[in-house]
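The next block holds one structure in the form of structure tokens; read it before the comments.
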Amino acid sequence: MLGWGFPVLRLIGGAAKDLAPIVLVVAFFQLVVLKQGIPNLLDLTFGLLLVIIGLAVFIQGLEMALFPLGASLAHALTRKGSLMWLMLFSFGLGFGTTVAEPALIAVAGEAAGTMARAGAIEESASAQSSYATALRYTVALAVGASIMLGVLRILKGWPVHWLIIAGYMIVVVLTAVAPPEIVGIAYDSGGVTTSTITVPLVTALGIGLASSIGGRNPMIDGFGLIAFASLCPIIFVLIFGIVIKS
């Protein structure tokens, strides 16, 4: 017990230090700018304590499980020498972690309701549910494809900046022809796809893959997968809007 005591306290202290700026900003505006007391102070304090403990446990879990898991899978698939299995795993990792992402589910549902109120789709519950589901799976397919593209970039040694530039040029062209009501949803979809599970697994996959291949620098080639996971959903959702409108 004593061996665990100090590491746990250190983790909780680190999480509290990370959250301190947020707490100070909120307290400053509540007490100094608005000149109001903090309502439900006991509940807020208890909730904040839970957040600190949860953040500390989550960070420790990432270091103990997800980062090593992603790196070990990358090493194992590289040793197996099968491009097909590596591509399938990359796609499955991106698709599986995205399709159940709570933020994406919420955004897709809100987008469906907004589209219905605007008259772009029927206002029935079934039409909105179908639209939200189609949007979620479109984004999930995009993330799966983006991870595959990122892994292929690492294998081939392609410069990441040229691919990003080309991708955003496609975004600009599609934005000009896509329905205006889908543009904002498409741009936002790039942000909600990078979840708390996807990011560490994908990052560890990239670093592990770059470390396993001769001639690759983990610092240069191991990062950049998350950029593709944010870019490709924009392209896919813009195309989704064009197809739905037509």
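Some notes on this structure:
- Full-stretch length increase - W158, L44 - with 0.36 nm per residue and alpha-carbon distance subtracted: 36.1 nm
- Paramagnetic reach from K17 (point 7 Å along Cα→Cβ, amide N under 17 Å) across the stretch 37-60: 52-53, 55-57, 59-60
- Counting only GluC sites (Glu not before Pro) that DSSP places in a loop and that have at most 15 other Cβ atoms within 10 Å, the longest clean stretch of the chain runs over 124-246.
- Taking a ≥ b ≥ c as the square roots of the eigenvalues of the alpha-carbon gyration tensor, the stretch 124-182 is classed oblate because a/c is 1.5 or more while a/b is no larger than b/c.
- Rounded to the nearest 500, the helix-only mean residue ellipticity at 222 nm of the chain stands at -27500 deg cm²/dmol, with each DSSP H run of n ≥ 4 adding -39,500 (n - 2.57).
- Across all directions, the average projected area of the convex hull around the alpha carbons of the stretch 176-246 is 5.9 nm².
- Accessible surface of the stretch 88-246, 1.4 Å probe, proportion on carbon and sulfur as whole %: 70 percent
- For the stretch 96-208, the Kirkwood radius over C-alpha pairs fed into Stokes-Einstein at 37 °C and 0.692 mPa s yields D = 212 µm² per second.
- Whole-number D in µm²/s for the chain (Stokes-Einstein; Kirkwood sum over Cα pairs; 25 °C, 0.890 mPa s): 119 µm²/s
- Simple rule: put +1 on each Lys or Arg Cβ and -1 on each Asp or Glu Cβ in the chain, find the dipole, and look at Y137, L50, T194; the Cα lying farthest toward the positive end is T194.
- The chain - charge dipole about Cα centre, Lys and Arg +1 at Cβ, Asp and Glu -1, debye rounded to 20: 640 debye
- Three semi-axes of the equivalent ellipsoid, the stretch 56-142, Cα gyration tensor, whole Å, largest first: 36, 18, 6
- Choice from G215, G92, G47 with maximal GNM fluctuation in the chain (Cα, 10 Å cutoff): G47
- The length gained by stretching the chain between A106 and L34 to full extension, at 0.36 nm per residue less their Cα-Cα distance, is 22.8 nm.
- Rg over Rh [alpha-carbon atoms, Kirkwood Rh] for the stretch 34-75: 1.37
- Averaging Cα coordinates gives a centre for the stretch 184-246 and one for the stretch 13-50; these two points are 34 Å apart.
- Heavy atoms of the protein chains alone define the surface here; on that basis the stretch 97-246 has 45 Å² accessible area per residue at 1.4 Å probe size.
The values are calculated or read from the model by the stated rules, or taken from the named source; none is laboratory data. Note that the structure is predicted; figures quoted are calculated from it, not measured. Please note: Cβ atoms are built from the backbone with ideal geometry, for glycine as well, and neighbour counts cover all protein chains shown. Surface areas here come from the heavy atoms of the whole protein model, side chains and all, with no ligands, DNA or RNA. Shrake-Rupley method; radii C 1.70, N 1.55, O 1.52, S 1.80 Å.
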